[in-house]
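Throughout, read-outs are computed from the coordinates displayed, never taken from laboratory work. Everything quoted here is computed from the prediction, not taken from an experiment. Please note: Cβ atoms are built from the backbone with ideal geometry, for glycine as well, and neighbour counts cover all protein chains shown.
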Amino acid sequence: MKILVTGGAGFIGSNFVRLILSKYPDYEVVNLDLLTYAGNLENLRDAEQNERYRFMRGDIRDEAIVNEVMAGMDAVVNFAAESHVDRSIGGPADFIQTDVFGTFVLLEAARRHGVSRYLQISTDEVYGSIEDGTFTEEDRLEPSSPYSASKAGGDMQVMAYHTTYGLPTLITRSSNNFGPYQYPEKIIPLFITNAMEGKELPLYGDGMNVRDWIYVADNCEGVDTVLHRGEPGQIYNIGGGNEKTNLYITKKILEILGKPESMIRPVADRLGHDFRYSIDCSKVKALGWEPAHNFEEALQETVNWYLDNRWWWEKIKSGEFAQYYQRQYGEK
Ligand code: NAD
Ligand code: TDX
């Protein structure tokens, strides 16, 4: 199988490319990525020598390049997106451009080239917040942030291309991922690396917001399951089943690193901050997928990875990230 992975130089995409190359010895992967602030070729250094892997720098909004790389592909897995909620609050334009318009460009090319699978990577955030209970794939979309609204816009187009043109589409909506190679703007790598650097941990509001955490390797296995066994036109939630408050996560990270809780700094809440995400994953489980990692062990492994790979995140934190951090948190 020849797979076009878009956004493969980001966090989840790079973990997915690595999984596919090792799991399927005869598969070929082309990775189309713009290398925005979040894209990093160092995430896939180990794949560079693999002759079944090819990287191409390019924008999913660029019709010419998308058509060029889509030729001869059996499947497309679209991870490419602007992915950080706080950045979408500061400036939504890029989110609409990439997550909505970019998805449209990919769908058009997929239709033209007759690909046999188009898999859109979406998020549990499109359902919005839920106080009690869990969302199924049938629930209505009620996104709260410019990020989740743009992801919902992408999903809507994917579904329309299935209904209207019969494009064999699939959508996965996963919960919050964590693990190696996650850009340190997201809470888990931000708090691990801040604690390692002796910096405060800026916790929004009262820290009682709840996210369902999934280890990135489990999500990648879920995406692979849906790619191979999902039914065209369907949507699959992929959650880890680990609902935790942000305060719990923060304390756990400090405990693992042997740092004091006095490093927590309560800061102003995120605008429109969703209180809780929760998804029902029985549909993907019926395809034979189960998360394989225990949350606490996977968090420990993740902390170990950041301890062992300072070279990776120190370079990021001293680059574009430094200005972002100052803007977002008002300190260096
Ligand atoms: P990320 O920000 O780490 O990576 C995004 C990648 O997309 C980067 O490599 C970037 O260079 C690339 N990209 C951005 N705009 C592009 C464009 N116009 N053309 C080509 N490439 C472009 O994101 P991530 O955390 O790995 O998330 C990947 C996908 O998974 C996203 O679609 C996101 O919405 C979704 N998702 C993420 C999570 C999570 O917890 N991180 C959870 C659910 C869903
Ligand atoms: O500094 C922080 N302090 C803080 O309290 C940051 C960065 C976050 N938080 C809180 C906000 C959220 O309640 O932690 C929680 C998690 O925040 P993020 O790591 O920014 O993730 P979230 O907003 O939940 O979105 C993530 O999961 C769903 C990804 O960024 C999305 O791409 C994905 O769709």
- Once all Cα-Cα distances of the stretch 212-316 are split into 5 Å bins that start at 0, what whole-number percent is in each one? 2, 10, 16, 17, 17, 16, 11, 7, 3, 1, 0
- Residues with amide H under 5 Å from that of residue 176, placed H, sequence gap 5 or more: 212, 214
- Task: Would you list, by chain and number, the aspartates and glutamates whose Cα falls below 16 Å from the Cα of residue 151, excluding same-chain residues fewer than 8 positions away?
- Result: 82, 86, 94, 99, 124, 125, 137, 139, 142, 274
- Message: Residue by residue through the stretch 286-293, what is 3J(HN,Hα) from phi via Karplus (6.51 cos²θ - 1.76 cosθ + 1.60, θ = phi - 60°)? Round to whole Hz and write x for glycine and proline.
- Response: 5, 7, x, 9, 9, x, 9, 10
- Take 171, 316 and order them by how many other Cβ atoms sit within 10 Å, fewest up front. 316, 171
- Message: Here is the link list: 23/199; 259/317; 285/315. Which ones come out longer than 28 Å on Cα distance?
- Response: 23/199; 285/315
- Task: Please say if the stretch 97-140 is rounded, prolate or oblate, where rounded means a/c under 1.5 for a ≥ b ≥ c the square roots of the C-alpha gyration tensor eigenvalues, and otherwise the choice is prolate for a/b larger than b/c and oblate otherwise?
- Result: prolate
- Item | Exposure proxy ranking, count of Cβ atoms within 10 Å, fewest first, for 156, 208, 263 | 208, 156, 263
- Applying the Karplus parametrisation 6.51 cos²θ - 1.76 cosθ + 1.60 with θ = phi - 60° to the phi angles of the stretch 269-278, what ³J(HN,Hα) value in whole Hz is obtained for each residue in order, glycine and proline being reported as x? 5, 5, 5, x, 4, 5, 6, 8, 10, 7
- So what is the diffusion coefficient of the stretch 76-182 in µm² per second by Stokes-Einstein at 20 °C and 1.002 mPa s, using a Kirkwood Rh over Cα pairs? 149
- Query: Rg (Å, one decimal) plus Dmax (Å, integer) for the alpha carbons of the chain?
  - Reply: 18.9, 57
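Please give me, ordered by residue number, the GluC sites (Glu not before Pro) of the stretch 126-215 that lie in loop per DSSP and have at most 12 other Cβ atoms within 10 Å.
Filter output for the stretch 126-215: 131, 138.
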- Message: Of the candidates 198, 13, 230, which one comes out as most mobile in a Gaussian network treatment of the chain with C-alpha springs shorter than 10 Å?
- Response: 198
- Amide H contacts under 5 Å for residue 142, placed H, 5+ residues apart: 127, 128
- Taking each pair of different alpha-carbon atoms in the stretch 167-241 once, compute 1/r for the pair, average those values, and report the inverse of that mean as the Kirkwood hydrodynamic radius in Å to one decimal. 14.3
- Per residue, the convex hull enclosing the Cα atoms of the stretch 123-185 spans a volume in Å³ of 124
- Task: Would you pull out the residues with amide H under 5 Å of residue 236's amide H, same chain only if 5 or more places away, H placed 1.01 Å from N?
- Result: 171, 172, 173
- Query: Share of antiparallel DSSP beta bridges in the chain, in percent to the nearest 5?
  - Reply: 5
- Task: For the stretch 123-129, take each phi angle, set θ = phi - 60°, evaluate the Karplus expression 6.51 cos²θ - 1.76 cosθ + 1.60, and give the result in whole Hz per residue in order, putting x for glycine and proline.
- Result: 9, 5, 5, 5, 6, x, 8
- Query: How big is the gap, in Å, between the Cα center of the stretch 7-82 and the Cα center of the stretch 147-175?
  - Reply: 20
